[in-house]
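J.: Below is one structure. I have some questions about it.
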Amino acid sequence: MSELILRLHEKLPQWKSVTWAKKNLFNSIFNTILTISIGLLVLNILSSVVSWFFLDATFQGDAKLCRESGGACWAFIFEKSRYIIFGHYPTALVWRPALFIFGVISLFGASFKREFWGKRLFWSWILWLTFSILLLDGRLLGLTHVETTKWGGLPLTLLISFIGIGCSYPFGIILAVARQSNLIVLKTLSVLFIELIRGVPLISILFMASVLFPIFLPDGFTIDKLFRAQVAIILFSGAYMAEVIRGGLQAIPRGQVEAAKSIGLTNSQTLRLVVLPQALRIVIPPTVSTFIGMFKDTSLLVIIALFDLMFTTKSSLSDSEWLGFAREAYIFTAMIYFVCCFSMSRLSKKIEESMPSDGKKGKGVSYGF
Amino acid sequence: MASSVLEFKKVNKWFGDLHVLDDIELTIKKGEIVVICGPSGSGKSTLIRCINQLETHASGEIYVLGTEMTDDARVLQSVRSRVGMVFQNFNLFPHLTILENLTLGPTWVKGASSDEVKEMALGNLRRVQIEEQANKYPGQLSGGQQQRVAIARSLCMNPEILLFDEPTSALDPEMVKEVLDVMVDLAKEGITMLVVTHEMGFAREVADRVIFMDEGKIIEQSTPELFFTNPSSDRSKKFLEQIL
């Protein structure tokens, strides 16, 4: 008999889980009661979640129908999704931000393919982001002008964060290298800047950019608020990037620099060809964390009255016809945020995996727990 | 009379209170193979690291290939491109393939064309018998192989002087020979070599001169035969007793 069970073990994986459950979940009266009651609780929660999300949910109809059904009101999302995603951008011209998003998604998709990696992809990103600014604005392309105060929703969030990532990365590298410099002036300036920025919350920097900064400008001279906010974000995350990159720089053994110098490379070649490629590689995980953090921090733009995704979500709730569907709206927006952040994190994993491992240290190390 | 390629005049250096180089006087002729030995902390590594100014000296003059070593970056760079160095820990660039490790210097320092550089790099890999590893990364090679790649890397700059800073000390015993064999071959080709090592077999086989250092001073210099059979100072006698 026991031999039969043993053979069943090898053949049928479900037999293994039955004995596993017996051994771990039902091995005493107390554990049996615990298992059953927790099981019931989980089942209960799961069933109400499923019925709220799907079974009782209203997918079509008006607010009244939604309130009667008691489930989620996805009809509200269908009704408001255009506003949540595109904000106050003129309805007739919504193809412009839509095209921008489409381009970003395509480029992001292409960035996952190794065979596309290279200068062409890099320039495509830069060109597309630059072109998108012109496209959303319209003037230079001979289209209807749409002021930046009307830009909003997902396109604004994507634009601000991608330009922010693209600019704060090189800025962070420059700051980090300056902080390691032998030139006292350069080093001091960099330390001052980094510590100053890191010592202040992003909100206060945004406030300074939107309220304080214009006061110092001469009369009649204005700089676009969106642009000021963008610069503030670049400065802020540049300071954080600098510290992340400095960590990488410090991890490079001195022998690497000595070897580079001994074959006659100049200091800047040593930095560019030997130190930075290794340092930036080491800090990919914290770099992506900083980027993801910045992506989510764009939601703070609300406080200086820029209508990013979080703002449009919130203001979609104030429609008097559709009051009381905050849960649906926030779940919807949370999903958009999650998809964006999760894709960034997948891309970074992909990049990390493509790096040559040196065979000894690296990702495969197990610590036995 | 061969001309001197390297000259130390009254060179001094301190690490804090420690006098690591004490009035060093030294002249190396073209094509000479010199082995520097001595107990640890005697200043031998510092001495050869001063030649390409990975360490700076506090006083005195160092002439390398007729140029005085100063802190002028241009001078340093041009001298370094003519003086190769092999390190104890190999110091290969782990993010580059073996071939890229070799071509980096010639490409960026000499601005040579990529085909030419690649050809020469492969030639040098052949010279250290490791050509088949060209497209691997340093982390995939054994210590002995990595050190041979490091030697090939410095050869790619066509150096007039080769410096070896304890090239076999970080190797497993069974890999020491493959590296020494390469070094013996190089020595026979007539390139000027300064080798800091404890491998007395190597010194006996190819060295023209053995320098013994202790406490920052050059205690003794003589031919290998004389040094091993009849060392003139007590300290070198004691040192030889310990390592042989």
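The values are calculated or read from the model by the stated rules, or taken from the named source; none is laboratory data. What you see is a predicted model, and the numbers here were worked out from it, not measured in a lab. Neighbour counts are summed over all protein chains in view; Cβ atoms, including those assigned to glycine, are modelled from backbone coordinates with ideal geometry. To get the accessible areas, we keep the full protein, side chains included, count just its heavy atoms, and leave off ligands, DNA and RNA. Shrake-Rupley method; radii C 1.70, N 1.55, O 1.52, S 1.80 Å.
J.: What are the residues in region A:253-267 that are outside any helix (DSSP H, G or I) and more than 7 Å from chain B (Cβ to nearest Cβ), if any?
T.: Scanning region A:253-267 gives a single hit, A:Pro253.
J.: Same structure, new question: From (1) among the small types (Gly, Ala, Ser); (2) assigned to a loop (DSSP other than H, G, I, E, B); (3) crowded, with 21+ Cβ neighbours inside 10 Å, pick out the condition that doesn't hold for A:Ala75.
T.: A:Ala75 satisfies all of (1) among the small types (Gly, Ala, Ser); (2) assigned to a loop (DSSP other than H, G, I, E, B); (3) crowded, with 21+ Cβ neighbours inside 10 Å except (2).
J.: Only one residue in B:Ala58, B:Ala73 is facing chain A (nearest Cβ under 8 Å) and surrounded by fewer than 23 Cβ atoms within 10 Å (Cβ to Cβ). Which one? Can you show your working first?
T.: Working: B:Ala58 fails: facing chain A (nearest Cβ under 8 Å).
Within the list B:Ala58, B:Ala73, the selection yields B:Ala73.
J.: Can you name every residue in region B:87-107 that is at the interface with chain A (Cβ under 9 Å from one of its Cβ atoms), of a type in the set (A, V, I, L, M) and either within 22 Å of B:Trp14 (Cα to Cα) or open to solvent by less than 20 Å² (accessible area, probe 1.4 Å) (or both)?
T.: Hits for region B:87-107 are B:Leu92, B:Leu104.
J.: Restricting the search to region B:184-203, which residues are closer than 11 Å to B:Ile33 by Cα, not in a loop (DSSP other than H, G, I, E, B) and not β-branched (Val, Ile, Thr)?
T.: B:Leu186, B:Ala187, B:Lys188, B:Met193, B:Leu194, B:Phe202, B:Ala203
J.: Anything in region A:209-245 that is modelled with pLDDT under 85 and of a type in the set (Asp, Glu)? List them, or say none.
T.: A:Asp219
J.: Counting only residues that are under 20 Å from B:Arg74 (Cα atoms), of a type in the set (S, T, N, Q) and at the interface with chain B (Cβ under 7 Å from one of its Cβ atoms), how many does region A:268-280 have?
T.: Looking only at that region, the number is 1.
J.: Identify the single condition in (1) touching a residue at least 60 places away in the same chain (Cβ under 8 Å); (2) open to solvent by 30 Å² or more (accessible area, probe 1.4 Å) that B:Gly43 does not satisfy, given that it satisfies every other one.
T.: Every condition holds for B:Gly43 apart from (2).
J.: Can you work out which of the residues in region B:120-131 that are surrounded by fewer than 19 Cβ atoms within 10 Å (Cβ to Cβ) and either without any contact (Cβ under 8 Å) to a residue 24 or more places away in the chain or not in a loop (DSSP other than H, G, I, E, B) (or both) is nearest to the other protein chains (Cβ to nearest Cβ)?
T.: B:Met120
J.: Do you know which residues across region A:283-301 are surrounded by fewer than 18 Cβ atoms within 10 Å (Cβ to Cβ) and of a type in the set (Val, Ile, Thr)?
T.: Within region A:283-301, A:Ile284 is the sole residue that qualifies.
J.: Separate question: Is it fair to say B:Ala150 is within 14 Å of another protein chain (Cβ to nearest Cβ) and open to solvent by less than 10 Å² (accessible area, probe 1.4 Å)?
T.: Judged against the criteria, B:Ala150 is a match.
J.: Of all residues being part of a helix (DSSP H, G or I), open to solvent by 50 Å² or more (accessible area, probe 1.4 Å) and within 14 Å of another protein chain (Cβ to nearest Cβ) in region A:336-358, which is nearest to A:Pro285 (Cα to Cα)? Just the residue, please. Reasoning before the result, please.
T.: Filtering region A:336-358 down to residues part of a helix (DSSP H, G or I) leaves A:336-354.
Now drop any that are not open to solvent by 50 Å² or more (accessible area, probe 1.4 Å), which leaves A:338-339, A:342, A:346, A:349-353.
So of that shortlist, the ones also within 14 Å of another protein chain (Cβ to nearest Cβ) come out as A:351-352.
Numbers: A:Ile351: 10, A:Glu352: 8 Å.
Restricting to residues being part of a helix (DSSP H, G or I), open to solvent by 50 Å² or more (accessible area, probe 1.4 Å) and within 14 Å of another protein chain (Cβ to nearest Cβ), the top hit is A:Glu352.
J.: Also, I was wondering about something else. For region B:214-228, state whether one or more residues are buried (at least 16 other Cβ atoms within 10 Å of the Cβ), more than 18 Å from B:Glu25 (Cα to Cα) and free of Cβ contacts under 8 Å to residues at least 40 places away in the same chain. Let's see the steps before the verdict.
T.: Initially, region B:214-228 is screened for residues buried (at least 16 other Cβ atoms within 10 Å of the Cβ), giving B:214, B:216-222, B:224, B:227-228.
Subset that is more than 18 Å from B:Glu25 (Cα to Cα): B:224, B:227-228.
Okay, now just the ones that are also free of Cβ contacts under 8 Å to residues at least 40 places away in the same chain, so B:227-228.
For region B:214-228, residues buried (at least 16 other Cβ atoms within 10 Å of the Cβ), more than 18 Å from B:Glu25 (Cα to Cα) and free of Cβ contacts under 8 Å to residues at least 40 places away in the same chain: present.
J.: Has region B:96-119 got at least one residue that is in a loop (DSSP other than H, G, I, E, B) and either touching a residue at least 12 places away in the same chain (Cβ under 8 Å) or in contact with a Gly (Cβ under 7 Å, 6 or more places away or on another chain) (or both)?
T.: yes
J.: Further, regarding this structure: Step by step: first the residues of region A:146-183, then only those that are closer than 26 Å to A:Val244 by Cβ and not in a helix (DSSP H, G or I), then the one that is most open to solvent (accessible area, probe 1.4 Å). Which residue is that?
T.: The selected residue is A:Asn182.
J.: Mind telling me which of the residues A:Phe295, A:Phe311 ends up being under 15 Å from the mean Cα position of the chain (by Cα) and either within 22 Å of A:Phe342 (Cα to Cα) or not in a helix (DSSP H, G or I) (or both)?
T.: None of the other options fit; the residue is A:Phe295.
J.: Out of A:Gly255, A:Gly264, I need the residue that is closer than 27 Å to B:Ala112 by Cβ, open to solvent by less than 10 Å² (accessible area, probe 1.4 Å) and either out of contact with any His (no Cβ under 7 Å at 6 or more places or on another chain) or among the basic types (Lys, Arg) (or both). Which one?
T.: The match here is A:Gly264.
J.: Taking the options A:Leu271, A:Leu235, A:Leu249, name whichever one is open to solvent by less than 30 Å² (accessible area, probe 1.4 Å) and not small (Gly, Ala, Ser).
T.: A:Leu249
J.: Now for a separate question. If you check A:Leu143, A:Leu192, which single one turns out to be surrounded by fewer than 16 Cβ atoms within 10 Å (Cβ to Cβ), more than 22 Å from the chain's Cα centre (by Cα) and part of a helix (DSSP H, G or I)?
T.: Within the list A:Leu143, A:Leu192, the selection yields A:Leu192.
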